[in-house]
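Below is one structure, written out as structure tokens, with a few remarks after it.
The values are calculated or read from the model by the stated rules, or taken from the named source; none is laboratory data. Computed from a prediction, not measured in an experiment: that's the story for all the values here. Counting neighbours? That spans all protein chains shown, and the Cβs are built from the backbone with ideal geometry, glycine included.
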Amino acid sequence: MVDVHCHLNFHSFEKDYDEVIKRAFNKGIKKIINVGTKIDSSQKAVELAEKYKNLYAIIGVHPHHADKLEKDWIAKLEKLCKNSKVVGIGECGMDFYRYKSNGIIDVKLQKDVFVKQIELSLKLKLPLQIHNRHAGKEILDILSHYKSDLLNPPGMFHCMSGNLDFLKRVLGLGFYIGFDGNITYKGIAPGEDTLLSDLIKATPFTRIVTETDSPFLAPVPFRGRRNTPSYVIIVGQFIAKIKGISFEKLEEQTSLNADRIFNFKS
């Protein structure tokens, strides 16, 4: 299995990231991608990646932080990209959900930050890892503008949500689809209208990648506790059951999919 999205660089893992990483590898996780959400966490993701053979970094600015930019932030991201363990730009995108800890960031500002990161990904030929929450139309409008310039494959949508039409359009642009531990939750998430299991059924397994978003979104039966990369196995098992295929087949294909997106080299 490959966990293509986690946050071992966050405070939740400050005291035991080494143990968590080694446990995941001992469980059979082949590769882990640690993801930044602003400059400092991106820097930390790179530093951690340098310590472990099969740990990689994706660097970028999350839409939640679009109003908290450092001076010369895009130049700082580009500098971090010189490290060979950096395999993508993200998590970037747009988010119109109102969180208790953070209101909705100005839409124009979110768009500007997203566009700059798309253009950086094109310049450096690094895939995108996209965050979307209730902003699917706007994200697709922006990506469609760059359709002829996108990489092949252009990247992936992290923690997929939305409806079947949105999924179809995302796949049509060449993106891969990431599913997380929330696929094990019952019901439909606030503001959504489609079951995640229906999105899984409609996504070709040749375009699916597995992720945890650790420390968030721990799968059942660990919901409400700290998530870790080793739980990506549970995500894979759940997807395999929905798709009616063996876990071994799902594991092999999703690992190939991750390799195709991120072109792991070191």
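So here's what we get for this one:
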| read-out | value |
| --- | --- |
| Filter result (over 14 Å from PHE262 (Cβ atoms) and either out of contact with any helix residue (DSSP H, G or I) (no Cβ under 7 Å at 6 or more places or on another chain) or outside any loop (DSSP other than H, G, I, E, B) (or both)) within segment 46-61 | VAL46, GLU47, LEU48, GLU50, LYS51, LYS53 |
| Residue within segment 187-204 that is of a type outside the set (Ser, Thr, Tyr), under 22 Å from LEU8 (Cα atoms) and touching a helix residue (DSSP H, G or I) at 6+ places or on another chain (Cβ under 8 Å) present | no |
| Counted residues, segment 179-193 - those being among the β-branched types (Val, Ile, Thr), touching a residue at least 12 places away in the same chain (Cβ under 8 Å) and either on the phi > 0 side of the Ramachandran plot or assigned to a loop (DSSP other than H, G, I, E, B) (or both) | 0 |
| For VAL86: the one exception among (1) farther than 23 Å from PHE13 by Cα; (2) of a type in the set (A, V, I, L, M, F, W, C); (3) surrounded by 21 or more Cβ atoms within 10 Å (Cβ to Cβ) | (1) |
| Residue among GLY93, GLY28, GLY103, GLY88 that is more than 26 Å from TYR231 (Cα to Cα) and outside any helix (DSSP H, G or I) | GLY103 |
| Residues of segment 141-178 that turn out to be assigned to a loop (DSSP other than H, G, I, E, B) and without any contact (Cβ under 8 Å) to a residue 60 or more places away in the chain, as a count | 12 |
| One residue from ASP165, ASP180, ASP198, ASP193 being within 25 Å of ARG226 (Cα to Cα) and of a type in the set (Asp, Glu) | ASP180 |
| Subset tally (residues that are within 12 Å of ASN9 (Cβ to Cβ) and free of Cβ contacts under 8 Å to residues at least 60 places away in the same chain) for segment 52-81 | 3 |
| Count - residues of segment 219-266 that are β-branched (Val, Ile, Thr), in a helix (DSSP H, G or I) and within 18 Å of the chain's Cα centre (by Cα) | 7 |
| Test: residue in segment 17-29 that is under 17 Å from the mean Cα position of the chain (by Cα), modelled with pLDDT of 95 or more and under 26 Å from GLU251 (Cα atoms) | yes |
| Set ILE245, ILE208: member being in contact with a Phe, Trp or Tyr (Cβ under 9 Å, 6 or more places away or on another chain), of a type outside the set (D, E, K, R), at pLDDT 95 or above and buried (at least 18 other Cβ atoms within 10 Å of the Cβ) | ILE208 |
| Total residues in segment 192-230, condition of a type in the set (A, V, I, L, M) and touching a His at 6+ places or on another chain (Cβ under 7 Å) | 0 |
| Which listed residue, of ALA49, ALA75, is hydrophobic (A, V, I, L, M, F, W, C) and either closer than 18 Å to ILE118 by Cα or in contact with a Gly (Cβ under 6 Å, 6 or more places away or on another chain) (or both) | ALA75 |
| Residue that is outside any helix (DSSP H, G or I), touching a strand residue (DSSP E or B) at 6+ places or on another chain (Cβ under 7 Å), under 22 Å from VAL115 (Cα atoms) and not polar (S, T, N, Q), where the choices are HIS64, HIS5 | HIS5 |
| Qualifying residue in segment 174-186 (condition: among the small types (Gly, Ala, Ser), closer than 13 Å to CYS159 by Cβ and in contact with a helix residue (DSSP H, G or I) (Cβ under 9 Å, 6 or more places away or on another chain)) | yes |
| Cross-chain or 6+ apart pairs with Cβ under 9 Å, segment 127-140 first and free of Cβ contacts under 8 Å to residues at least 40 places away in the same chain and crowded, with 23+ Cβ neighbours inside 10 Å, then in a strand (DSSP E or B) and hydrophobic (A, V, I, L, M, F, W, C) | ASN132/MET94; ASN132/PHE157 |
